[in-house]
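The structure appears right after this line, and notes come after that.
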Amino acid sequence: PSSIAYIVGQAELWTDAGYVDKATDLLSKQLRYNPENHPLTMTYIDTLRRQGEFNRAENLLAQHIVERSTDPQLWYQLS
């Protein structure tokens, strides 16, 4: 249950099932323990978007780009 892959999978299942708040809470808590984890961060950003929290998702993505400035996929998503 503490595996990043498990946590990402659980959050995606909850999001797809309509439990977006539950997925957001799980990812938010996990990011406190793993603040710069790329899979957790990207799943959290996707979950925020699906929740309609576009400004929060954009801000988090902009912060994440600072750590991974050479990742073209991040720049594409930010645009």
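Figures for the structure shown
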| quantity | calculated |
| --- | --- |
| Checking L74 against (1) open to solvent by less than 100 Å² (accessible area, probe 1.4 Å); (2) modelled with pLDDT of 90 or more, the condition it does not meet | (2) |
| Test: residue in the range 12-19 that is exposed (fewer than 13 other Cβ atoms within 10 Å of the Cβ) and of a type in the set (D, E, K, R) | yes |
| In the range 1-29, the residues that are among the β-branched types (V, I, T) and within 10 Å of the chain's Cα centre (by Cα) | V8, T24 |
| Residue match in the range 53-67 (condition: in a loop (DSSP other than H, G, I, E, B), at pLDDT 90 or above, surrounded by 15 or more Cβ atoms within 10 Å (Cβ to Cβ) and not aliphatic (A, V, I, L, M)) | yes |
| Selection from the range 14-32 of residues that are in a helix (DSSP H, G or I), over 19 Å from I65 (Cα atoms) and without any contact (Cβ under 8 Å) to a residue 12 or more places away in the chain | D16, K22, D25, K29 |
| Residues of the range 22-49 classified as of a type in the set (D, E, K, R) and closer than 17 Å to L74 by Cβ, total | 3 |
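The values are calculated or read from the model by the stated rules, or taken from the named source; none is laboratory data. Small disclaimer: the values here were computed from a predicted structure and weren't measured. Here Cβ is always computed from backbone atoms with ideal geometry, including for glycine, and neighbour counts include all displayed protein chains. Accessible surface areas use protein heavy atoms only, side chains included; no ligands, DNA or RNA. Shrake-Rupley method; radii C 1.70, N 1.55, O 1.52, S 1.80 Å.
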